[in-house]
Structure formats: structure tokens, C-alpha cells
Amino acid sequence: MEDGNSRQKVRDIYGFIQDNLYLNRPDMRVAEESFNSALLFSLLTALNRGKELIIGEPGLGKTTSAEYIGAMTYRLPLGLIWAGEVSGHPEQTEEKIIGRPDLGRLNRGEEVVIWSYLAQLPIKIVDEINRLPETKQSMILDGVDRGKWEYLNDVIINEEYCLFATANYQDRGTNTLIAPLIDRFDVIVESRHPGTNMAFMIGMKDRYENVLRSAVFERRFQEILLQRRDYHEKMRGLEELCDRFGDHMEKEFHVRMLSQAERKEIRDCMQELPLDADANAFLRTVIAELSFCHKYGQKRSDEHCEEGCHYTGFLCHHTKNCISNRFPISVRTYSQSLAWLLGDEAVGIDHIKAVLPYALAHRVQWKDDYISQKQASNRRDPLQIYMGKEMVNEVYRRYNEQSHHIKNALAVAYQTLSGKGLEPIEGDHPIYAEIKRDLEEVR
Amino acid sequence: MINPFEDFKEYPYKKKEIPLDRIVRAKERVMDQIIEGYLKLVEEEVKELVWLVEHNRILKAYSSALQTIQKFDYDVDDIEELCLELDKGGRIPYLISGPSGIYISALCNNAKEQEIHLRLYELKRTFHFLGYRLPEGKTLILEGDLGDFIGAGLSGGKLIAKGSTGNWAGAGMMDGELCITEHAGQNMGEWMSGGEIHVDGQIRGIGKTIRGGRIYQRDKLIFPNYLTSRY
């Protein structure tokens with residue numbers, strides 16, 4: 001069990017980037033602490049092997065925030081991270097993104113794959129992902145989802161990796177992200193304009209100098225990555241070099257980075273954090289509202305709510321699609337990470353509420369009339385994150401009014417399924433209908 | 001089979017409650033109190049399962065019963081339910097007609113309702129002293145055949161007995177009205193000092209010492225114009 005040193009190290013990384021590399025304003029509060037959402041969620045993404053979509057205007061630090069976090073949490077020099085980045089554009093090919101045949105050996109009749117840096121490195125950054133045509137987005141689905149990269153007859157699977165993708169707002173050169181791809185992102189954040197005064201300070205910095213760069217180490221890392229040997233062996237060599245780079249950074253610049261063992265230890269601690277009853281019941285309540293359909297059994301994108309449905313006051317009436325099973329995984333893991341970072345012993349409702357808007361903003365397809373109700377509102381967030389926050393507040397209000405009743409309904413349901421002949425608790429919310437259905441179908 | 005509610009295994013739960021369940025439970029609670037009160041009265045008043053009908057004893061039992069039931073929140077249905085419980089004998093080990101009737105009378109006299117209707121025609125046993133000291137403003141309607149001392153000490157209330165009564169009906173009544181739709185036993189109106197008794201059926205005999213009040217049989221005044229001692 002970690003003793004707080006790792007947590008302090010992670011906080012130091014956040015503080016170092018915030019103070020020196022990615023200057024921006026805090027835009028969210030959790031448990032009396034202020035954070036910048038782009039930086040915080042990038043950090044949590046790196047820590048728990050997540051996938052993050054960063055949106056924002058060009059030049060507002062979408063890619064750089066991910067690069068700094070990646071470098072410091074995985075002990076990689078910044079130049080190597082740049083080398084591993086893939087840019088989305090219409091002419092992008094599988095050979096540039098994933099791997100290519102070793103042409104020399106191909107001429108000798110051997111099929112050997114030279115894997116791209118993106119496929120090999122644990123920090124994966126896809127810049128401007130929405131410039132990839134929709135047909136080419138499916139090329140990276142498996143890699144994004146499972147860390148599995150296939151080319152010719154060869155496969156590599158990343159044991160530890162995290163993915164950052166950036167997307168510009170829609171313009172003539174962008175495409176829509178396909179639903180299966182977008183659902184694979186755990187969270188979406190916006191990298192915002194830092195404000196006039198912070199932008200001025202950024203303008204005063206030397207654009208070429210960066211403490212996280214090391215030409216010597218970058219060359220050594222590249223030598224390992226280009227070696228023609230087993231991927232896992234290469235990764236062991238890479239890790240040893242990461243440790244040396246970490247020692248070098250600490251000695252030369254007093255910058256402490258995370259080792260692989262520390263990252264694992266942190267993940268183990270995070271996974272042990274339980275959700276308290278309210279966090280648990282609230283998340284179930286949210287899922288119920290985003291998946292329930294009174295008429296057709298569940299939400300389906302091609303089926304529409306009928307007029308006069310009893311549940312028109314709930315989110316299911318304002319959405320088109322059904323929330324995926326990846327959604328609760330994202331919420332749980334990020335909430336656990338956040339609770340760990342804050343030093344809490346369990347995941348509470350505040351952690352869940354902080355994570356939810358960022359975990360569902362890109363996953364929920366709102367109905368047009370609901371969007372038109374909201375889009376003209378005064379706000380500081382992009383529309384989809386703003387709607388996510390509004391949604392969370394709305395569901396929380398409903399949950400708060402009947403939290404005891406919902407928790408009781410869940411407890412009674414447990415007893416019923418355990419053999420006690422209790423009647424399901426009823427109430428006016430989709431969660432009760434879902435519980436009742438679970439009990440009926442098991443019986 | 002996975003229990004998807006496992007996380008709430010330890011969460012303290014409350015069963016689903018429909019309003020009827022709550023009402024039944026409240027009723028049961030009240031009935032428990034009433035029965036407990038009765039058993040306490042029997043324990044105090046009945047020695048060796050013998051209860052002698054003596055004026056002081058009756059008064060003492062009535063006072064004790066009144067004191068016990070003061071804190072109970074009951075209604076007419078509970079009184080009727082007690083009569084059924086006493087008759088069934090399941091939760092009440094022994095029925096002693098005198099104290100049980102006095103206890104029921106105390107409940108009637110202390111009830112919130114002004115009119116009390118007890119359907120006793122299905123009972124196998126009878127209770128004595130029903131309507132004891134029924135006060136002014138109260139109407140007690142008793143259906144079915146009744147025991148002795150019905151309406152004894154009546155104190156201004158109206159007692160309608162829809163059936164026959166035993167002996168000593170209206171004994172010692174001071175004021176009020178006792179109506180008997182069928183027959184009455186012996187010593188009716190003994191020590192009576194006021195009020196009226198109306199009997200629609202036969203009367204086996206009226207009391208030897210009647211100090212006041214009136215007795216009618218089928219609307220015919222038979223006391224004070226009492227001529228014969230036997231009907």
C-alpha cells in the first residue's frame with residue numbers, strides 16, 4: 001500500500017506543469033480544491049490507462065497538455081513523445097499509423113513488421129483525430145480500445161498505455177467522429193484560452209526551450225524502438241532507459257517523475273477505493289435515465305419516444321441513444337483516480353459528480369429540440385460539456401429528493417434476489433422500473 | 001447467478017409498506033394494549049378465578065379499568081374486536097363475564113365516538129355489565145343476546161339491546177334509557193332510581209326495590225303502575 005509519497009509526487013507533477021508548462025486557469029472545483037479540467041483529466045488519464053479526447057481552438061494547448069503529462073508520468077523525453085504522435089489527415093495511412101513491412105527482409109521473402117512509434121509507445125497521441133476520414137477512423141479502433149495493433153500477420157498488445165486525441169471544432173476540413181470510436185474515449189475536455197494575462201505570460205516564454213527535452217536521451221530511446229527484436233524485450237529495455245531518464249531529470253532539474261512500479265502501485269490503490277452507497281446509487285440513477293425506455297425496453301437510436309410518455313421529465317426523453325457499458329467503467333475509474341488524488345478513502349458523490357459531465361458529454365446524443373433549448377444559454381463551457389453539467393445537476397436534484405428511497409429500493413432488491421420474499425420498492429423514476437425488471441426477469 | 005445489488009447487501013432496508021399494512025399494524029398494537037389491560041384487570045380483581053358481584057368490587061374494577069384505558073388510542077372497531085377476542089379465547093386465557101363486561105363498558109364510556117354499535121350476535125358467550133354507567137350523550141347499541149346486569153348503573157346514556165337480556169337489566173340505573181327489543185330476565189330495574197326502561201318482549205320479573213324511574217313494556221307503563229310481580 002502506498003504511503004502518500006506517490007500521491008505527493010503526482011501532485012507535484014500537476015503543480016509543475018501548471019506553473020511552468022501549461023499555464024491556464026482553474027475551471028472546476030472538487031472538495032474545496034480548484035483544478036484546470038484539461039490538465040486534471042489528462043493526468044488521471046495517464047494514471048489509469050485511460051483515453052481522453054481534448055477539444056479546443058487551434059493553438060490553445062490541446063496537444064501540449066497531453067505531451068507534458070505523458071512525458072512526466074511515463075518518464076519519456078518530450079521529443080520522443082513528439083516522434084510518436086500521429087496527425088489526422090485525409091491521406092493518412094495504416095503504414096504511418098500502425099506499422100509497415102521491413103522492406104529489406106520482405107525482399108528476402110520474410111514478413112517482418114516495423115511497428116510505428118505510436119503502436120509501441122505507452123503514450124499515444126493522435127492529433128486532430130477528426131481530420132481522419134470516417135473510413136480511416138475504424139483503423140485505430142482496436143488500438144484505441146485494447147492496445148492491440150495488427151499489421152500483416154503480426155500483432156502487438158500494449159500492456160500499459162494511454163491515449164490522447166485532439167479534435168478541432170468543426171470546420172471544412174473536419175469529419176464527424178464515428179460513434180464506436182467516440183464511445184471509446186473515457187472523457188472529453190476542452191483546452192481553453194487561458195485568459196488575456198496568462199496568454200501574455202505564455203507569449204513571453206522561449207518557444208524552443210523546454211526542460212522536458214533531452215536530445216541525448218531521445219536518440220537513445222529511438223535506437224531501442226528501432227531495434228529488430230521482440231516487442232516485449234524492447235519494452236523492458238525502454239523501461240530501463242525511462243528510469244535513467246527519470247534519474248537524470250531529478251538530478252539535473254529536481255523534477256520527479258513516475259516509474260512503472262509507482263504507476264502500478266497507484267493504480268492498485270485507486271482500484272481498491274470503494275464507491276460509497278450514495279456514489280453507487282447516484283451512478284445507477286444516471287445510467288437508468290440514460291438507458292431506460294418505458295415503451296421499448298431500452299433506448300435505441302432508431303426508435304423515438306412516443307407522445308404522452310409518463311417519463312417525459314427524465315433524460316431518457318431528451319436523448320436519442322442508449323448510454324454504453326463503457327460509460328460506467330469510465331466514471332468509476334476516473335472517480336477512483338480523483339478520490340485517490342484528493343486522499344479520500346472512498347469514492348463519494350462529489351467525485352462522481354465532478355467526473356460525470358466529462359464522461360458523458362461526448363457519449364450522449366441529445367435531441368435537437370433539447371439542444372435548441374440549451375445552446376443559447378450563458379455559459380463558459382462548450383455546449384456538449386455544458387449540457388453534461390446541466391444534466392448532472394438535474395439528475396442530482398432528483399436523486400437528492402429520494403436518495404434514501406432509491407438506496408432502500410436497491411437494498412430490498414438485494415434481499416429479494418437473495419431469497420427473501422420482499423416486494424420491490426416502487427417510485428417515480430426509471431431506476432425503480434429497472435430494479436423491478438431485474439427482479440421479474442430473474443424470477 | 002450474479003446479484004447486481006450486492007453492493008447494498010449491508011445497507012439497512014425497510015420493506016415496502018402499503019397503507020393497509022400500516023393500519024393493520026397500528027390496529028394490532030392497540031389491540032395488544034387493550035388485551036394487556038384486560039389481563040391486568042383480571043389479575044388484580046379476580047382471585048382464584050372467582051369474582052363476586054359486590055357493589056364495591058364492581059366500582060373498584062370499573063375505576064381500575066378506566067384508569068388503565070386512559071392512555072389507549074382506540075375506536076369502536078377495537079372494542080368490537082376485543083369482544084371477538086374474548087369469545088375466541090385464543091390470546092386471552094380466560095373469560096370472566098363480569099370483569100370483561102365492566103372492562104368493555106369502561107372502553108365504551110371512554111370512547112371518542114358518541115354512538116357505539118357492537119355486533120355480538122355471533123358470539124358464543126355473553127358478557128355481564130355491558131352498558132355499565134353509560135354516561136349522558138352516549139348511545140350504545142348491542143346486537144345479540146346479552147348477559148346479566150345490562151345497563152346497570154346507567155348514568156344518562158341510551159342503551160339499545162337488540163336481543164334478549166339476562167337478569168338484573170337496568171339494576172341501579174340512575175338516568176338515561178334502556179331499550180330491550182326482545183325479552184328481559186328477572187329483577188329488572190332493581191335499585192333503579194331514575195331513567196326509563198322499554199322492553200318490547202316479555203319480562204320475567206322486575207326488581208323488588210325500585211326507587212324511581214319508569215319501566216314500559218310494549219309502550220305500556222308498568223312501573224310505577226306495577227300490579228303484578230310476574231309476567
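The values are calculated or read from the model by the stated rules, or taken from the named source; none is laboratory data. If you're wondering where the values come from, they're calculated on a predicted model, not measured in any experiment. Here the Cβ positions follow ideal geometry from the backbone for every residue, glycine too, while neighbour counts run over all protein chains shown. For the accessible areas, the whole protein counts, side chains as well, though only heavy atoms, and no ligand, DNA or RNA atoms are used. Shrake-Rupley method; radii C 1.70, N 1.55, O 1.52, S 1.80 Å.
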Counting DSSP beta bridges with both partners in chain A, what percentage is antiparallel, nearest 5? 40 percent
Ignoring everything except DSSP H segments at least 4 long, calculate the 222 nm mean residue ellipticity for chain A; use -39,500 (n - 2.57) per segment, divide by total residues, nearest 500. -15000 deg cm²/dmol
With +1 on each Lys and Arg Cβ and -1 on each Asp and Glu Cβ, how big is the dipole of the protein assembly as shown about its Cα centre, in debye rounded to the nearest 20? 600 debye
Could you give the accessible area per residue of the protein assembly as shown, probe 1.4 Å, as a whole number in Å²? 47 Å²
Place a point 7 Å from the Cα of B:Lys71 in the direction of its beta carbon; the residues of the range B:24-39 whose amide N falls under 20 Å from it are B:26-39
Taking each residue in B:92-103, count the Cβ atoms of any other chain within 10 Å of its Cβ, then average. What number comes out? 0
Quick check for me: using +1 on Lys/Arg Cβ and -1 on Asp/Glu Cβ, what's the dipole size of the range B:87-201 about its Cα centre, in debye to the nearest 20? 500 debye
For labels at A:Lys367 and A:Ala179 in the simple 7 Å Cα→Cβ model, what's the distance in nm? 1.7 nm
When only alpha-carbon atoms count, how far does the range A:229-280 stretch along each of its three principal axes, as whole angstroms with the largest first? 47, 34, 11
Name the residues whose placed amide hydrogens come within less than 5 Å of the amide hydrogen of B:Ile116, ignoring near sequence neighbours (fewer than 5 apart) on the same chain. B:Thr139, B:Leu140, B:Ile141
For chain A, build the charge dipole from Cβ charges (+1 Lys, Arg; -1 Asp, Glu) around the Cα centre, then report which of A:Val364, A:Ser34, A:Leu76 sits farthest towards its positive end. A:Leu76
From the phi angles alone, apply the Karplus equation (6.51, -1.76, 1.60; θ = phi - 60°) to the range A:394-407 and give each ³J(HN,Hα) in whole Hz, x where the residue is Gly or Pro. 5, 5, 4, 4, 5, 5, 4, 5, 9, 4, 5, 5, 5, 5
Spelling it out for B:Ile222: with amide H atoms placed in the peptide plane at 1.01 Å from N, the residues 5 or more places away or on another chain with amide H under 5 Å from its amide H are B:Ile215, B:Tyr216, B:Gln217
If you average the sequence gap of Cα pairs under 8 Å that are 6 or more apart and divide by the length of the range A:1-123, what percent do you get for the contact order? 16 percent
Over all residues in A:402-411, what is the mean tally of Cβ atoms on other chains that come within 10 Å of each residue's Cβ? 3
Mean separation of Cα contacts under 8 Å, 6 or more apart, over the residue count of the range A:225-342: relative contact order %: 22 percent
Of the residues A:Pro180, A:Met139, A:Cys322, the Cα lying farthest along the dipole of the protein assembly as shown towards its positive end, which is defined by charges on the beta carbon of Lys, Arg, Asp and Glu, belongs to A:Cys322
Unit charges on C-beta of K, R, D, E only; dipole of the range A:1-153, Debye: 200 debye
One finds, for A:Gln375 and A:Asn197 with R0 = 25 angstrom and r their Cβ-Cβ distance, a FRET efficiency to the nearest 0.05 of 0.30
I need the P(r) histogram for chain B: all alpha carbon pairs, bin width 5 Å from 0 out to the longest distance, whole percents. 1, 7, 14, 17, 17, 13, 9, 6, 4, 3, 2, 2, 1, 1, 1, 1, 0, 0, 0
Taking Cα centroids, how far is the range B:160-231 from the range A:367-420 in Å? 76 Å
Taking Cα pairs under 8 Å and at least six residues apart, what relative contact order does chain B come out at, in percent? 10 percent
Zone of B:Leu221 (label point 7 Å along Cα→Cβ, backbone N under 15 Å): which residues in the range B:187-215? B:194-198, B:212-215
Grab the alpha carbons of the protein assembly as shown, take their convex hull, and tell me the volume per residue in Å³. 242 Å³
For B:Ile180, enumerate residues with amide H under 5 Å from its amide H, sequence gap 5+ or separate chain, H modeled in the peptide plane. B:Ala161, B:His198, B:Val199, B:Asp200
Averaged across the residues of A:419-428, what count of C-beta atoms belonging to other chains lies within 10 Å of each residue's C-beta? 2
What angle, in degrees between 0 and 90 and rounded to the nearest 10, separates the Cα long axis of helix B:76-88 from the longest principal axis of the Cα atoms of chain B? 90 degrees
Multiply the residue gap between A:Gln170 and A:Glu91 by 0.36 nm, knock off their C-alpha separation, and tell me the result in nm, one decimal place. 26.6 nm
Report, to the nearest 10°, how far helix A:37-47 tilts away from the longest principal axis of the Cα atoms in chain A, using its own Cα long axis and a range of 0 to 90°. 70 degrees
Base-10 log of normalised Debye intensity for the range A:179-276 (one unit scatterer per alpha-carbon) at q = 0.19, 0.20 Å⁻¹: -1.11, -1.10
If each of A:Leu152 and B:Thr209 carries a label point 7 Å out from its Cα toward its Cβ, how far apart are those two points in nm? 12.9 nm
Residue list for the range A:407-437, given a label point 7 angstrom along the Cα-to-Cβ vector of B:Arg25 and an amide N cut-off under 19 Å: A:407-416, A:420-427
Sorting check: for A:227-238, B:171-182, which peptide has the highest mean count of neighbouring beta carbons within 10 Å, and how do the rest follow? B:171-182, A:227-238
Which order do the peptides A:194-202, A:265-273 take when ranked by the mean count of other beta-carbon atoms within 10 Å per residue, highest first? A:265-273, A:194-202
Would you give the gap between the C-alpha center of the range A:23-40 and the C-alpha center of the range A:114-176, rounded to a whole Å? 28 Å
Phi to ³J(HN,Hα) by Karplus 6.51 cos²θ - 1.76 cosθ + 1.60 over the range B:36-42, Hz, x for Gly, Pro: 4, x, 5, 4, 5, 5, 4
What is the local net charge at A:Arg228, summed over the other residues whose Cβ is closer than 14 Å to its Cβ (Lys, Arg +1; Asp, Glu -1)? -2
Checked against the positive end of the charge dipole of chain A (+1 on Cβ of Lys and Arg, -1 on Cβ of Asp and Glu, about the Cα centre), the farthest of A:Ile13, A:Gln402, A:Val347 is A:Ile13
Using 0.36 nm times the number of residues separating A:Arg229 and A:Arg100, minus their current alpha carbon distance, what extension gain do you get? 44.9 nm
For the pair B and A, total buried accessible area rounded to nearest 100 Å², probe 1.4 Å: 1700 Å²
Would you mind pulling out the separation of the Cα centroids of the range A:320-347 and the range A:421-443, in Å? 25 Å
